[in-house]
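Written out below as structure tokens is the structure these notes cover.
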Amino acid sequence: MSDLLDRRLHAYRPDLAEEALRGRVEALAFVEGNPGMITVPVVQLRSTPDLFAGTDTELLLGETVRILDVAQGWAWIKADRDGYVGYVPDYAVVTDGPAPTHIVTVPRSFVYSGPDLRLPTVQALSMGCRLTLVGEHSTRGTLYRTLPDGSAVVAAHVAPLEAPPAPDYVAVAARFLETPYLWGGRSGFGIDCSGLVQLCLMMAGQAAPRDTDMQEAGLGQAIAREALRRGDLVFWKGHVAIMEDDTTILHANGHSMTVAREPLIDAIERVERLYGGPTSYRRPRASE
């Protein structure tokens with residue numbers, strides 16, 4: 001029975017499984033798991049507890065998870081945002097900590113050791129990272145938000161979590177142009193095609209599945225090619241692109257190894273030679 005369950009979204013092993021799967025899979029024990037939070041700017045999530053295993057996806061600072069098991073330096077977790085299951089180093093997640101108050105709204109930014117751009121940097125952050133900010137300070141006309149330990153971020157690079165979402169997820173995606181392509185990537189330091197879609201829709205207030213097949217199976221509604229407009233999605237087998245207008249796409253791709261802008265017709269002709277033509281077109285709600 002367990003062979004029918006997608007291991008990306010269902011946590012089960014011979015020795016342990018999530019409580020929600022009781023009666024559906026066989027395991028020695030079942031657990032609800034404990035709430036946890038990611039404590040590093042970006043961490044790779046893998047299908048097995050092995051640094052040489054490929055990256056399935058990435059989690060960002062401040063995102064919440066369920067911790068199902070911790071052993072031998074690894075935490076087996078399930079992400080709250082999209083349900084993805086896998087392993088991260090145990091140092092990358094904690095079971096308690098202050099609740100985030102702000103989110104990074106630019107593709108990349110820094111945490112400085114204090115509220116001054118001339119001070120050493122402590123961390124590099126991606127869009128989507130969540131921070132606990134407790135104060136503010138102005139230095140030479142630049143406003144900073146401060147963290148509990150006195151470090152700081154540029155105030156213009158963050159927004160309160162309760163602030164209105166970005167009005168146009170396509171405009172968010174365009175800010176990632178020239179960002180390196182990274183298989184399994186989901187950050188401003190490296191991103192893949194479905195990671196770009198998910199992250200930018202998230203910034204626009206819309207949840208989305210993580211992988212291309214999941215997005216094609218149920219994100220938004222199917223449309224005809226003739227109806228394509230800004231914000232619609234074009235799917236190929238294993239790939240997805242965002243329509244910037246009715247003829248141009250934005251996509252993280254292995255051809256340019258970047259997030260690139262390209263005429264849709266050129267992409268169709270190039271991809272078709274290797275993998276076939278588009279398999280479907282969809283309109284996520286955020287584009288309506």
- Query: Regarding Val271, is this residue touching a strand residue (DSSP E or B) at 6+ places or on another chain (Cβ under 8 Å), among the aliphatic types (A, V, I, L, M) and at pLDDT below 95?
  - Reply: yes
- Options Thr101, Thr64; residue that is surrounded by fewer than 19 Cβ atoms within 10 Å (Cβ to Cβ), at pLDDT 95 or above, within 16 Å of the chain's Cα centre (by Cα) and closer than 29 Å to Val154 by Cβ: Thr64
- Item | Residue ID - surrounded by the fewest Cβ atoms within 10 Å (Cβ to Cβ), chosen from residues in segment 141-161 that are in a loop (DSSP other than H, G, I, E, B) and touching a residue at least 24 places away in the same chain (Cβ under 8 Å) | Pro148
- Query: So how many residues does segment 77-124 have that are within 28 Å of Thr48 (Cβ to Cβ) and hydrophobic (A, V, I, L, M, F, W, C)?
  - Reply: 8
- Message: Yes or no: segment 205-216 includes at least one residue that is touching a helix residue (DSSP H, G or I) at 6+ places or on another chain (Cβ under 7 Å), over 23 Å from Leu60 (Cα atoms) and not in a helix (DSSP H, G or I).
- Response: no
- Count of segment 185-222 residues which are under 12 Å from the mean Cα position of the chain (by Cα) and either more than 20 Å from Thr105 (Cα to Cα) or of a type in the set (D, E, K, R) (or both): 5
- Item | Residue among Val170, Val197 that is crowded, with 23+ Cβ neighbours inside 10 Å, of a type in the set (Val, Ile, Thr) and in contact (Cβ under 8 Å) with a residue 24 or more places away in the chain | Val197
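The values are calculated or read from the model by the stated rules, or taken from the named source; none is laboratory data. Computed from a predicted structure; not experimentally measured. As a convention, Cβ positions derive from the backbone with ideal geometry for all residues, glycine included, and neighbour counts pool all protein chains shown.
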